[in-house]
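Quick note: the coordinates plus some simple rules give every number you see, no bench work behind them. A quick note: this is a predicted structure, and the numbers were derived from the prediction, not measured. Cβ atoms come from the backbone with ideal geometry, glycine included; neighbour counts cover every protein chain shown.
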There are 4 protein chains.
Amino acid sequence: MALRVTIWNEFHDERHKEDARAVYPDGIHAALAQAFAGDDRFQVATATLDDADQGLSDARLAETDVLFWWAHHRHADVADDLAARVQQRVLDGMGFVPLHSAHVSKPITRLLGASCQLSWRVAAERERLWVVAPGHSIAEGLGPYVELAEEEAYGEPFDIPTPDELVFVSWFQGGDVFRSGCGYRRGRGRIFYFRPGHETYPTCYVPEVQQILRNAALWAAPTDTAPLEFGRRPPLEPLPGWTG
Amino acid sequence: MALRVTIWNEFHDERHKEDARAVYPDGIHAALAQAFAGDDRFQVATATLDDADQGLSDARLAETDVLFWWAHHRHADVADDLAARVQQRVLDGMGFVPLHSAHVSKPITRLLGASCQLSWRVAAERERLWVVAPGHSIAEGLGPYVELAEEEAYGEPFDIPTPDELVFVSWFQGGDVFRSGCGYRRGRGRIFYFRPGHETYPTCYVPEVQQILRNAALWAAPTDTAPLEFGRRPPLEPLPGWTG
Amino acid sequence: MALRVTIWNEFHDERHKEDARAVYPDGIHAALAQAFAGDDRFQVATATLDDADQGLSDARLAETDVLFWWAHHRHADVADDLAARVQQRVLDGMGFVPLHSAHVSKPITRLLGASCQLSWRVAAERERLWVVAPGHSIAEGLGPYVELAEEEAYGEPFDIPTPDELVFVSWFQGGDVFRSGCGYRRGRGRIFYFRPGHETYPTCYVPEVQQILRNAALWAAPTDTAPLEFGRRPPLEPLPGWTG
Amino acid sequence: MALRVTIWNEFHDERHKEDARAVYPDGIHAALAQAFAGDDRFQVATATLDDADQGLSDARLAETDVLFWWAHHRHADVADDLAARVQQRVLDGMGFVPLHSAHVSKPITRLLGASCQLSWRVAAERERLWVVAPGHSIAEGLGPYVELAEEEAYGEPFDIPTPDELVFVSWFQGGDVFRSGCGYRRGRGRIFYFRPGHETYPTCYVPEVQQILRNAALWAAPTDTAPLEFGRRPPLEPLPGWTG
């Protein structure tokens with residue numbers, strides 16, 4: 001059965017900034033969807049902030065196995081209720097893949113508990129993503145690094161919890177490093193933050209990046225494990241003090 | 001210079017439940033404070049939910065190096081703003097030690113990003129906290145385990161992020177295990193969740209427990225590291241594309 | 001393509017101890033192989049210590065994707081060279097699943113770097129393996145715990161490195177807990193230590209245990225990632241000081 | 001009581017290579033010792049490979065709280081027995097701080113279980129060590145990064161286990177990144193691998209590097225925890241099947 005991937009995009013820059021529209025005329029979500037096109041392991045849908053229910057009704061979320069999230073300028077416009085529902089779906093097992101400037105989006109800061117802030121610089125500089133977890137499935141099909149000719153730079157400190165699985169560390173021409181591929185578990189779900197993807201550079205069309213997106217979707221796919229049950233529980237062993 | 005420890009307590013059960021008052025007539029915060037009494041490495045203050053500013057004004061938080069937090073029935077009464085201020089202080093370097101039923105208090109769920117729920121049972125059963133990180137400073141002065149004659153049982157699944165440092169795993173008479181001592185880093189601060197401490201058992205008077213509380217305070221103490229700075233940052237290397 | 005699983009067994013107790021032969025007349029390797037029988041995701045072979053090349057020639061190792069290893073009394077008889085070859089294959093990407101008393105076998109202590117010692121007791125006691133990583137693929141198909149009616153007990157401290165992924169924690173009737181399912185990465189390969197499987201109890205026939213063995217094999221399967229290359233490397237950026 | 005630091009050096013390059021002698025005429029161990037000179041928190045001794053007992057008799061090891069280890073060309077000359085004794089001392093609680101080209105020394109590969117290989121290049125290039133664990137005690141007193149004007153470059157993949165605590169990530173002028181400050185626990189002891197320190201560059205005299213060495217010694221200091229005991233252990237709870 002195909003993995004149900006939903007790509008959510010704020011879809012603001014590509015409609016309002018000329019340099020972003022030039023690169024992603026149909027929106028970054030459309031470019032990201034291309035990574036999965038024609039691959040029958042995936043069934044892909046897109047959604048954007050200005051859609052009904054901000055693109056993610058309960059029904060849509062319930063039908064999503066892995067949610068990609070691109071956002072930049074309008075984090076504050078995302079309803080708190082939507083952020084809470086995304087968080088709950090992750091705890092229930094949905095995969096979540098926030099991209100690039102989504103590092104400070106509401107769902108990820110709720111799930112990680114830190115500020116997730118960083119330093120940045122837009123200067124068309126070279127980025128090289130080094131694989132630091134060579135046997136990791138998110139690195140399948142890659143060489144020792146992926147090079148991007150021009151990207152926005154992000155720099156440390158990146159105020160995140162220590163990743164459960166650190167897959168990529170970026171080198172930037174301007175002198176910075178950055179933890180660019182960070183895997184986490186929350187509840188029964190998985191989160192993979194992936195750094196590249198600035199709206200004015202054609203990063204989302206790069207074959208290795210698209211490979212990583214597919215790998216991340218597979219890695220973050222829900223498992224067939226029992227829902228978590230909480231609350232008062234009788235003893236499993238004879239217990240003198242137990243009166244029911 | 002002494003470490004400034006603030007012990008915050010909801011202080012509800014001990015005033016309204018006879019069985020809790022019998023064990024902790026002056027409140028659990030008073031019993032916890034005894035762990036540090038007469039030890040000049042620490043300077044201890046207490047605060048409770050019904051104090052002005054819910055016990056934790058900005059000034060008080062600013063003067064706290066490590067904050068202990070006991071709570072049970074009135075999590076919802078804690079102001080969202082207070083939870084946010086505690087979170088921010090942790091990110092800025094303050095230590096935070098939530099105890100027992102504080103596992104679902106607002107500050108910890110904000111900092112950890114998961115539900116932090118679990119299973120439980122009050123049946124005066126025996127608990128044995130095994131040290132699973134034998135060289136860890138939070139285990140200093142202990143033997144291979146600490147035994148408590150009667151405690152509330154907590155059971156897995158405990159819906160928390162994977163601890164950065166897992167120090168104790170509990171065995172319960174009724175058949176459960178539990179990750180009872182869990183260390184995390186968030187921002188420049190540290191969090192140590194410690195499980196025992198039910199309001200109707202004299203756990204907080206147990207010498208080994210008091211030793212653990214002191215160890216936890218020392219472990220969670222702030223470091224003398226640089227505040228984090230974020231935002232736009234010029235390159236550190238010559239960069240053709242940089243125009244300032 | 002089927003995953004090539006090799007089950008290696010010391011095959012001593014079942015030939016020399018009556019109580020072990022009664023439970024595993026064809027050897028523990030034969031019982032373990034049943035977990036994969038009839039499942040075309042797997043292609044299974046067995047090997048034992050007294051076979052030629054101690055059961056694992058270079059050719060056999062090269063054709064193994066995931067190696068299971070059961071051993072008890074004859075760790076010292078395993079050739080250092082074989083232990084070194086197993087370690088190297090793991091670094092190159094092979095999965096490795098040491099079981100039960102293999103905790104002090106040569107390959108695992110080489111790979112983990114610690115003594116891997118523990119406490120133990122054979123008293124037919126009840127074991128309950130709690131899932132502490134509920135969304136983990138090694139827990140697929142299980143409930144919140146797996147119960148074994150009679151097993152040898154292992155107890156903490158278990159002198160291992162902190163697991164990269166802790167999946168199971170055991171409760172024992174006699175008062176012990178134990179980290180019973182421990183995942184590690186080394187090089188491009190993965191290791192999963194699984195505790196149960198004493199030679200005088202029918203653990204290896206338990207359906208949930210067999211489910212875990214299959215899950216572990218899939219989790220430890222090699223990835224299609226690039227071999228690691230080391231050594232002197234020219235710069236990737238123009239470098240004044242580089243003379244080749 | 002002062003922390004007993006022993007600095008062990010292979011002491012080959014500084015005696016046989018002109019460019020190394022020019023920078024470290026008395027040996028790298030002497031330069032490293034300067035980091036602790038005049039600081040009464042530490043009591044420092046040095047030892048070298050050509051000393052009696054290769055510098056580390058049982059008595060000397062027993063009197064060492066934290067062992068620094070610099071080595072390059074003569075790893076193979078270190079006795080297997082010495083490597084085994086260092087490993088055992090770490091498991092028993094001693095701190096161990098291998099530096100730079102000691103990444104493939106016998107004690108560290110025994111303790112980490114992987115090849116610990118990497119890529120390298122000597123081209124007098126700029127290194128910038130970014131702090132990626134800002135509240136970590138090994139980063140005390142530092143700014144967001146430490147810059148070294150000229151160093152040998154190391155590059156990923158660095159074939160190590162995932163660090164328990166990753167403190168520094170290096171940026172290199174030639175296009176590489178590297179995990180340069182890696183903390184591990186083994187047994188009751190701690191290990192901190194620190195990358196810089198090539199024999200032909202004056203890295204060991206840099207004040208921030210010396211600060212890191214002091215911080216690392218304090219971090220790796222033994223704890224006052226109980227020795228680990230293993231073996232057959234009676235039950236802690238009444239157990240019908242137990243016959244002693």
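Within 10 Å of each candidate Cβ there may be at most 13 other Cβ atoms; applying that plus a DSSP loop requirement, which trypsin sites (Lys or Arg not before Pro) in region A:1-96 survive? Don't jump to the answer; show the numbers that get you there.
On the way: sites: A:4, A:15, A:17, A:21, A:41, A:60, A:74, A:85, A:89; in loops: A:17, A:41, A:74.
Passing both the DSSP loop test and the Cβ count: A:41.
What is the antiparallel percent of DSSP beta bridges lying wholly in the protein assembly as shown, to the nearest 5?
Values: 103 of 187 bridges.
Beta bridges within the protein assembly as shown, antiparallel portion: roughly 55 percent.
Rounded to the nearest 10 degrees, what's the angle between the helix A:207-220 long axis and the longest principal axis of chain A, both from Cα atoms, 0 to 90?
Once rounded, the angle reads 10 degrees.
To the nearest µm²/s, what D does Stokes-Einstein give for region D:91-185 at 37 °C and 0.692 mPa s, using the Kirkwood radius over alpha carbon pairs as Rh? If you can, show how the numbers build up before the last one.
Working: Rh = 14.1 Å.
Rounded, D is 233 µm²/s.
For chain D, what does the relative contact order come out to in percent, with C-alpha contacts under 8 Å and a separation of six or more? Display every interim value, and only then the final one.
Numbers: 498 pairs, mean separation 50.6, N = 244.
Here the relative contact order equals 21 percent.
Roughly how many whole Å is it from the C-alpha centroid of region B:156-175 to that of region D:198-232?
With region B:156-175 and region D:198-232 each reduced to a Cα centre, they are spaced 30 Å.
Could you state the angle between the C-alpha long axis of helix A:80-91 and the longest principal axis of the C-alpha atoms of chain A, as a value from 0 to 90 degrees rounded to the nearest 10?
70
Could you list log10 I(q)/I(0) for the protein assembly as shown at q = 0.07 Å⁻¹, which the Debye formula gives when each Cα is one point scatterer?
One equal scatterer on each Cα of the protein assembly as shown leads to -0.59.
Would you mind computing, in nm to one decimal, how far apart the modelled labels at residue A:88 and residue C:205 are, each placed 7 Å from Cα along Cα→Cβ?
4.6
Placing unit charges on C-beta atoms (Lys and Arg positive, Asp and Glu negative, everything else neutral), compute the dipole magnitude of region A:90-244 about its Cα centre in debye, rounded to 20. Mind dumping the intermediate values first?
Working: 14 positive and 18 negative charges, 116 e Å.
Charge dipole of region A:90-244: 560 debye, to the nearest 20.
Projected onto the charge dipole of region B:56-200 (+1 at Lys/Arg Cβ, -1 at Asp/Glu Cβ, origin at the Cα centre), which of B:172, B:142, B:91 gives the Cα projection farthest towards the positive end?
B:91
Chain B: which residue's Cβ hugs the B-to-A rotation axis most tightly, distance rounded to whole Å?
Spelled out, residue of B and its Cβ distance from the axis onto A: B:113, 2.
If I build a Gaussian network model for chain B, linking alpha-carbon pairs within less than 10 angstrom, which residue out of B:196, B:234, B:163 has the largest mean-square fluctuation?
Of B:196, B:234, B:163, the Gaussian network model singles out B:234 as fluctuating most.
Run through the other copies and list how far each one's label point is from that of residue B:16, in nm with one decimal, shortest first; the point sits 7 Å from Cα along Cα-Cβ.
Distances to the matching label points in the other copies: 4.7, 6.7, 7.8 nm.
Helix-only estimate, please: 222 nm mean residue ellipticity of chain B, summing -39500 (n - 2.57) across DSSP H runs of length 4 or more and dividing by its residues, to the nearest 500.
Values: 7 runs with 55 residues, N = 244.
Counting only the DSSP helices, I get -6000 deg cm²/dmol.
Taking every DSSP beta bridge that has both residues in region C:23-155, what percent is antiparallel when rounded to the nearest 5? Kindly include the intermediate steps, with their values, before the conclusion.
Working: 9 of 14 bridges.
Bridges in region C:23-155 that DSSP calls antiparallel: roughly 65 percent.
Output the direction-averaged projected area (hull surface divided by four) of the convex hull of the alpha-carbon atoms of chain C, in nm².
Numbers: hull surface 63.5 nm².
Mean projected area for chain C: 15.9 nm², to one decimal.
Most fluctuating residue of A:200, A:109, A:162 in a GNM of chain A with Cα springs under 10 Å: which is it?
A:162
Would you work out the Kirkwood radius for region A:118-244? I mean one over the mean of 1/r across all pairs of different Cα atoms, in Å. The partial results should precede the final answer.
Details: mean 1/r = 0.0594 Å⁻¹.
Radius from the Kirkwood sum: 16.8 Å.
Under the convention of a label 7 Å out along Cα→Cβ, give the distances in nm from residue A:80 to the same position in every other copy, shortest first.
Nearest to farthest, the other copies are at 0.1, 6.5, 6.5 nm.
Treating region C:51-122 as a set of equal point scatterers at the Cα positions, no solvent, please give the Debye-formula log₁₀ I(q)/I(0) at q = 0.13, 0.24, 0.28 Å⁻¹.
Each listed q maps to, in turn, -0.36, -1.19, -1.57.
What distance in nm separates the two pseudo spin-label positions at residue B:63 and residue B:17, each 7 Å out from Cα along the beta-carbon direction?
3.2
Averaging sequence separations of C-alpha pairs under 8 Å and six or more residues apart, then dividing by the length of region C:103-244, give the relative contact order as a whole percent.
The value is 20 percent.
Using a Gaussian network for chain D with springs between C-alpha atoms less than 10 Å apart, which of these wobbles most: D:38, D:187, D:174?
Of D:38, D:187, D:174, the most mobile in the Gaussian network model is D:38.
Just to be sure I understand the model, the point goes 7 Å from the Cα along the line to the Cβ. What's the resulting residue B:2 to residue D:41 distance in nm?
Rounded to a tenth, the inter-label distance reads 2.2 nm.
Projected area of region D:11-86, taken from the Cα convex hull and averaged over every viewing direction, in nm²?
That works out to 5.5 nm², a quarter of the Cα hull's surface.
For residue A:218, place a label point 7 Å out from Cα along the Cα→Cβ vector, do the same in each other copy, and report the separations in nm, one decimal, smallest first.
Those label-point separations list as 1.4, 4.7, 4.9 nm.
Express the relative contact order of region B:77-129 as a whole percentage, based on alpha carbon pairs under 8 Å and six or more residues apart in sequence.
Over region B:77-129, the number comes to 32 percent.
In debye to the nearest 20, how big a dipole does the protein assembly as shown give about its Cα centre with +1 on each Lys and Arg Cβ and -1 on each Asp and Glu Cβ?
The dipole of the protein assembly as shown has a size of about 0 debye.
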